[in-house]
Amino acid sequence: MSWILLIEQTLNGLQFGVMLFLMAAGLTLIFGVMGLINLAHGSLYMVGAFAAAAVAAATGSFVLALVASLVAAAFAGVLIEVLVIRRLYDRDHLDQVLATFALILIFSEGTRWAFGSFPLFLDRPEYLAGTVTLPFGIEYSKYRLSLIGIGLLVAAGLFWMIMRTRIGIRIRAGENDREMIGALGVDISLLYTLIFALGAALAGFAGALIGAIQSVQVGMGEPVLILAFVVIVIGGIGSIKGALIGAVLVGLTDTLGRFLLPQIFGLVMTPSAATSVGSSLASMSIYILMAGVLLVRPKGLFGGA
Amino acid sequence: MTKETLLNAVLLCLLLAVPLIAWVSDEPFIITLTTRAVIFAIAGIGLNFALGFGGLVSLGHAVFFGIGGYVMGILAYHAQTYTPLMEWPFAVEGTKSMLIVWPVAVVVSGLAALAIGALSLRTTGVYFIMITLAFGQMLYYFTISWSTYGGEDGLSIYVRNTFPGLNTMDPIQFFAICYVLLLIVLIGVHCAARSSFGLMLRAAKQNEERVQAVGQGPYRLYLIAFTISGAITGLAGALFADLNRFVSPTMLSWHTSGEIMVFVILGGVGRVFGPVAGAALFILLEHSLGGLSEYWHIYLGAILLGVVLFARGGLYGLLAGREVAHD
């Protein structure tokens, strides 16, 4: 096992983690402020990716594609918030799960109807293709490195917004006491729509960025959605800080698990057995991590009340 | 006789009449379709036991459905390849007998529900939904990478399991088996819901503190309910695998969990017969809308959305009115 490979895999894990954070941040905000479980968050991720792929195919510009992903996902978010989600805030979790599950069905089949079942491709731009040489002679994909940078920038921006701006104050106030900020004259329903649109835009943005690494296809949002849930449950639902730490933890566990576990089992088993046991354990590793965290802290790492 | 009892009777008669008519007019496809509805109904009744009576929103019931399926698949696979299931510490052979497969499926999925429930029930609310979903995904990915039994491709069984005195490959006879099992499960759940345990469980759903105050730990009640629920869904999984003569990780996917939940909701949460109506309606929709458009899930989604937003009692809520208080 070479150290260079290990560092590369760690970077991959980090990249995966910050992208998960973009998904998880929206989910955890929406849950923290509105108390809503949104299964359709993965659909917004898919909407972003499809919008980016369509615009990139039409214009050839990656930046325009990213803008399109933000706009399209935020628009779709506002649309479902106004039409459906708004009616669910006072309902119990079961109704929320079902209604947003219904939205997934509608979004997935609608996208299949509009774009067909074949995956689309979103090319990463010329200037981010190829590799970059890091210290110690490590070659690493320029695009993935930019993803880490973009993800960390967005995370920093989000923290700044929540801690330092008026809208952030309102969001935090909304998490603490919904009725009170309504009584103080804040337009709650506008605030909710805004938060939902923000979460949706982040998810769509993540979809477009990841879409350039993987293919853009119907159903791409669901595995990511479930991972994002694992992230926010580990981090503590409603906590942005928890979402960031949880996301990096899940990203690293998953990536390094797939890389290291087969090798560790290889020390005591035949190679083929080690590969099969190691990879099956690796695909379960984050869920084991989550179960472990919940056993020790049933409300997640940073979960409050 | 209340409206609900009448509706229950009509439902059971319809479920029996449709395949019989199809049998007379020689349309085996309709019989298979109804059999699917009956099996889905059993799975839904299983989930309803935890969800409707205990208020436990489990988004991972596909696990038990899948475990039931894999129990059947693995036993039959070893029987059809004449390889022992295990040789140590004692030899176990595969089997094709339903009378052995069912109890094994029930026990294994019940034990899995006991283990998952014991861990998950430490949490409540959203965390419970998420952790059941996570356990579901965990086992889903496990079956995908479990290459001994087909991995992602699943496991095909050539001939249906056997039942003494019946030809299970004949659609109407297999339907009869499933229908009788449905009746047994319904009677069992009906009695359980009216037993002191069932009353306690419903009470715990409404007010945990009060139940605790009269000396019943809600955790124990919930765990028993979750275990029974998983066991029933496991039985449905074994039947479903037998119907298709095929098991695959899809049975454990979270979409399956969502669909089982849809049966419960379409019919009416917390009604003993709710999932039966829901599963029948689901199959009916799948069949009629599926013929209408390739993209029938859009309509299903719209209908589901309508039920959740505007008709919260499901089909039973619409037709039989609000639930009557138990005597």
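Residues to consider are B:262, B:269, B:308; find the one that is β-branched (Val, Ile, Thr), outside any helix (DSSP H, G or I), within 11 Å of chain A (Cβ to nearest Cβ) and buried (at least 19 other Cβ atoms within 10 Å of the Cβ). Full working, then the answer.
Working: B:262 fails: outside any helix (DSSP H, G or I); B:308 fails: outside any helix (DSSP H, G or I).
Result: B:269 is the single residue among B:262, B:269, B:308 that is β-branched (Val, Ile, Thr), outside any helix (DSSP H, G or I), within 11 Å of chain A (Cβ to nearest Cβ) and buried (at least 19 other Cβ atoms within 10 Å of the Cβ).
Could you please let me know if residue B:263 is closer than 22 Å to residue B:116 by Cβ and aromatic (Phe, Trp, Tyr)? Explain how you work it out, then say what you get.
Working: closer than 22 Å to residue B:116 by Cβ: yes; aromatic (Phe, Trp, Tyr): yes.
Criteria met by residue B:263.
Limited to the stretch B:272-283, what total is found for residues that are within 23 Å of residue B:28 (Cβ to Cβ) and either in a loop (DSSP other than H, G, I, E, B) or under 12 Å from the mean Cα position of the chain (by Cα) (or both)? I'd like the intermediate steps shown before the answer.
Initial filter on the stretch B:272-283 (within 23 Å of residue B:28 (Cβ to Cβ)): B:276, B:279-283.
Applying the additional criterion that residues be either in a loop (DSSP other than H, G, I, E, B) or under 12 Å from the mean Cα position of the chain (by Cα) (or both) yields B:276, B:279.
Count: 2.
Say we look at the stretch B:143-183 and pick out the residues that are within 14 Å of chain A (Cβ to nearest Cβ) and of a type in the set (A, V, I, L, M, F, W, C); which of these is farthest from residue B:43 (Cα to Cα)?
Filtering the stretch B:143-183 down to residues within 14 Å of chain A (Cβ to nearest Cβ) leaves B:143-152.
Within this subset, residues satisfying the condition of being of a type in the set (A, V, I, L, M, F, W, C) are B:144, B:146.
On the way: B:144: 22, B:146: 24 Å.
Among residues in the stretch B:143-183 that are within 14 Å of chain A (Cβ to nearest Cβ) and of a type in the set (A, V, I, L, M, F, W, C), the one farthest from residue B:43 (Cα to Cα) is B:146.
Quick grid of which residues meet (1) farther than 30 Å from residue A:28 by Cα; (2) modelled with pLDDT of 90 or more; (3) among the hydroxyl-bearing types (Ser, Thr, Tyr); (4) part of a helix (DSSP H, G or I):
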position: B:88; (1), (2), (3), (4): yes, no, no, no
position: B:102; (1), (2), (3), (4): yes, yes, no, yes
position: B:109; (1), (2), (3), (4): yes, yes, yes, yes
position: B:113; (1), (2), (3), (4): no, yes, no, yes
position: B:117; (1), (2), (3), (4): no, yes, no, yes
position: B:123; (1), (2), (3), (4): no, no, yes, no
position: B:131; (1), (2), (3), (4): no, no, no, yes
position: B:141; (1), (2), (3), (4): no, no, yes, yes
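Six or more apart or on different chains, Cβ atoms under 6 Å: show the pairs whose first residue is in the stretch B:132-150 and touching a residue at least 24 places away in the same chain (Cβ under 8 Å) and whose second is assigned to a loop (DSSP other than H, G, I, E, B) and among the hydroxyl-bearing types (Ser, Thr, Tyr).
Cβ pairs passing all conditions: B:132/B:58; B:140/B:253.
Can you tell me how many residues within the stretch B:184-210 are crowded, with 16+ Cβ neighbours inside 10 Å, closer than 26 Å to residue B:41 by Cβ and without any contact (Cβ under 8 Å) to a residue 12 or more places away in the chain?
Total meeting the criteria: 0.
Has the stretch B:142-156 got at least one residue that is closer than 26 Å to residue B:103 by Cα and touching a Lys or Arg at 6+ places or on another chain (Cβ under 8 Å)?
Scanning the stretch B:142-156, I find at least one residue that is closer than 26 Å to residue B:103 by Cα and touching a Lys or Arg at 6+ places or on another chain (Cβ under 8 Å), so the answer is yes.
Can you tell me how many residues within the stretch A:243-259 are buried (at least 24 other Cβ atoms within 10 Å of the Cβ) and either away from chain B (no Cβ under 13 Å) or farther than 19 Å from residue A:296 by Cβ (or both)?
So in the stretch A:243-259, the residues buried (at least 24 other Cβ atoms within 10 Å of the Cβ) come out as A:243-244, A:246-247, A:250-251.
This time we only want the ones that are either away from chain B (no Cβ under 13 Å) or farther than 19 Å from residue A:296 by Cβ (or both), so: A:243-244, A:247, A:251.
Of the residues in the stretch A:243-259, 4 are buried (at least 24 other Cβ atoms within 10 Å of the Cβ) and either away from chain B (no Cβ under 13 Å) or farther than 19 Å from residue A:296 by Cβ (or both).
Looking at (1) closer than 30 Å to residue A:253 by Cα; (2) in contact (Cβ under 8 Å) with a residue 40 or more places away in the chain, can you tell me which one residue A:57 breaks?
Just one mismatch for residue A:57, condition (1).
Based on this model, can you work out whether residue A:138 counts as within 9 Å of chain B (Cβ to nearest Cβ) and among the β-branched types (Val, Ile, Thr)?
Details: within 9 Å of chain B (Cβ to nearest Cβ): no; among the β-branched types (Val, Ile, Thr): yes.
Spelling it out, it is not the case that residue A:138 is within 9 Å of chain B (Cβ to nearest Cβ) and among the β-branched types (Val, Ile, Thr).
For the stretch A:62-79, which positions are hydrophobic (A, V, I, L, M, F, W, C) and under 19 Å from the mean Cα position of the chain (by Cα)? Please lay out each step first, then the result.
Quick first cut of the stretch A:62-79, residues hydrophobic (A, V, I, L, M, F, W, C) only: A:62-68, A:70-76, A:78-79.
Residues satisfying the conditions are A:65, A:66, A:67, A:68, A:70, A:71, A:72, A:73, A:74, A:75, A:76, A:78.
A quick yes/no check of all residues on (1) more than 14 Å from every other protein chain (Cβ to nearest Cβ); (2) part of a helix (DSSP H, G or I); (3) farther than 30 Å from residue B:126 by Cα; (4) touching a residue at least 24 places away in the same chain (Cβ under 8 Å):
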{"position": "B:14", "(1), (2), (3), (4)": "yes, yes, yes, yes"}
{"position": "B:30", "(1), (2), (3), (4)": "yes, yes, yes, no"}
{"position": "B:40", "(1), (2), (3), (4)": "yes, yes, no, yes"}
{"position": "B:46", "(1), (2), (3), (4)": "yes, yes, no, yes"}
{"position": "B:53", "(1), (2), (3), (4)": "no, yes, no, yes"}
{"position": "B:57", "(1), (2), (3), (4)": "no, no, no, yes"}
{"position": "B:67", "(1), (2), (3), (4)": "yes, yes, no, yes"}
{"position": "B:72", "(1), (2), (3), (4)": "yes, yes, yes, yes"}
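Pull up the stretch A:119-147, narrow it to residues that are in contact (Cβ under 8 Å) with a residue 40 or more places away in the chain and in a loop (DSSP other than H, G, I, E, B), then point me to the one that is farthest from the chain's Cα centre (by Cα).
Applying the filter and picking the extreme gives A:125.
Hey, does the stretch A:71-88 have a residue that's in contact with a strand residue (DSSP E or B) (Cβ under 9 Å, 6 or more places away or on another chain), in a helix (DSSP H, G or I) and under 30 Å from residue B:314 (Cβ atoms)? Spell out the reasoning first.
Going residue by residue through the stretch A:71-88, those that are in contact with a strand residue (DSSP E or B) (Cβ under 9 Å, 6 or more places away or on another chain) are none.
No - not one qualifying residue is present in the stretch A:71-88.
Need at least 2 residues that are in contact (Cβ under 8 Å) with a residue 12 or more places away in the chain per element, so show me which helices (runs of 4 or more DSSP H) inside the stretch A:157-261 make the cut, counting only ones lying wholly within it. Walk me through how you get there before you give the answer.
Details: elements: A:166-176, A:178-183, A:188-211, A:221-235.
Per the criteria, A:166-176, A:188-211, A:221-235.
Only one of A:189, A:215, A:272 is in contact with a strand residue (DSSP E or B) (Cβ under 8 Å, 6 or more places away or on another chain) and surrounded by fewer than 19 Cβ atoms within 10 Å (Cβ to Cβ); which?
Working: A:189 fails: in contact with a strand residue (DSSP E or B) (Cβ under 8 Å, 6 or more places away or on another chain); A:272 fails: in contact with a strand residue (DSSP E or B) (Cβ under 8 Å, 6 or more places away or on another chain).
From the options A:189, A:215, A:272, the qualifying one is A:215.
Given the conditions (1) of a type outside the set (Phe, Trp, Tyr); (2) modelled with pLDDT under 90; (3) within 21 Å of residue A:220 (Cα to Cα); (4) not in a loop (DSSP other than H, G, I, E, B), which single one is not true for residue A:37?
Tallying (1) of a type outside the set (Phe, Trp, Tyr); (2) modelled with pLDDT under 90; (3) within 21 Å of residue A:220 (Cα to Cα); (4) not in a loop (DSSP other than H, G, I, E, B), residue A:37 fails exactly one: (4).
Restricting the search to the stretch B:91-117, which residues are within 14 Å of another protein chain (Cβ to nearest Cβ), in contact with a Ser or Thr (Cβ under 9 Å, 6 or more places away or on another chain) and farther than 15 Å from residue B:46 by Cα?
If the condition is that a residue be within 14 Å of another protein chain (Cβ to nearest Cβ), in contact with a Ser or Thr (Cβ under 9 Å, 6 or more places away or on another chain) and farther than 15 Å from residue B:46 by Cα, then B:116 is the only one that fits.
Restricting to the stretch B:232-247, and then to whatever is aliphatic (A, V, I, L, M) and surrounded by 24 or more Cβ atoms within 10 Å (Cβ to Cβ), can you tell me which residue is farthest from the chain's Cα centre (by Cα)? First the steps, then the outcome.
To start, the set of residues in the stretch B:232-247 that are aliphatic (A, V, I, L, M) comprises B:232, B:235-236, B:238-239, B:241, B:243, B:247.
Within this subset, residues satisfying the condition of being surrounded by 24 or more Cβ atoms within 10 Å (Cβ to Cβ) are B:232, B:235-236, B:238-239, B:241, B:247.
Details: B:232: 6, B:235: 7, B:236: 5, B:238: 10, B:239: 10, B:241: 12, B:247: 15 Å.
Restricting to residues being aliphatic (A, V, I, L, M) and surrounded by 24 or more Cβ atoms within 10 Å (Cβ to Cβ), the top hit is B:247.
Quick check on the stretch B:284-299. Is at least one of its residues in a helix (DSSP H, G or I), among the β-branched types (Val, Ile, Thr) and surrounded by fewer than 24 Cβ atoms within 10 Å (Cβ to Cβ)? Working first, answer last.
Kept after step one, since they are in a helix (DSSP H, G or I), are these residues of the stretch B:284-299: B:284-292, B:296-299.
Now drop any that are not among the β-branched types (Val, Ile, Thr), which leaves B:298.
Retained after the next criterion (residues that are surrounded by fewer than 24 Cβ atoms within 10 Å (Cβ to Cβ)): B:298.
Yes; the residues of the stretch B:284-299 include at least one that is in a helix (DSSP H, G or I), among the β-branched types (Val, Ile, Thr) and surrounded by fewer than 24 Cβ atoms within 10 Å (Cβ to Cβ).
May I ask you to say which residue of A:102, A:53 is in a helix (DSSP H, G or I) and either at pLDDT below 90 or within 14 Å of chain B (Cβ to nearest Cβ) (or both)?
Numbers: A:53 fails: either at pLDDT below 90 or within 14 Å of chain B (Cβ to nearest Cβ) (or both).
Just a single option satisfies the conditions, and that option is A:102.
Out of all the residues in the stretch A:163-177, is one or more at pLDDT 90 or above and more than 20 Å from residue A:61 (Cα to Cα)?
Initially, the stretch A:163-177 is screened for residues at pLDDT 90 or above, giving none.
No, there is no match, as no residue in the stretch A:163-177 is at pLDDT 90 or above and more than 20 Å from residue A:61 (Cα to Cα).
Rundown of residues vs (1) over 20 Å from the mean Cα position of the chain (by Cα); (2) surrounded by fewer than 21 Cβ atoms within 10 Å (Cβ to Cβ), yes/no style:
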site	(1), (2)
B:114	no, yes
B:120	no, no
B:142	yes, yes
B:150	yes, yes
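The values are calculated or read from the model by the stated rules, or taken from the named source; none is laboratory data. Predicted model only: the values in this text are computed from it and were never measured. For neighbour counting, all protein chains shown are included, and Cβ atoms are generated from backbone atoms with ideal geometry for every residue, glycine included.
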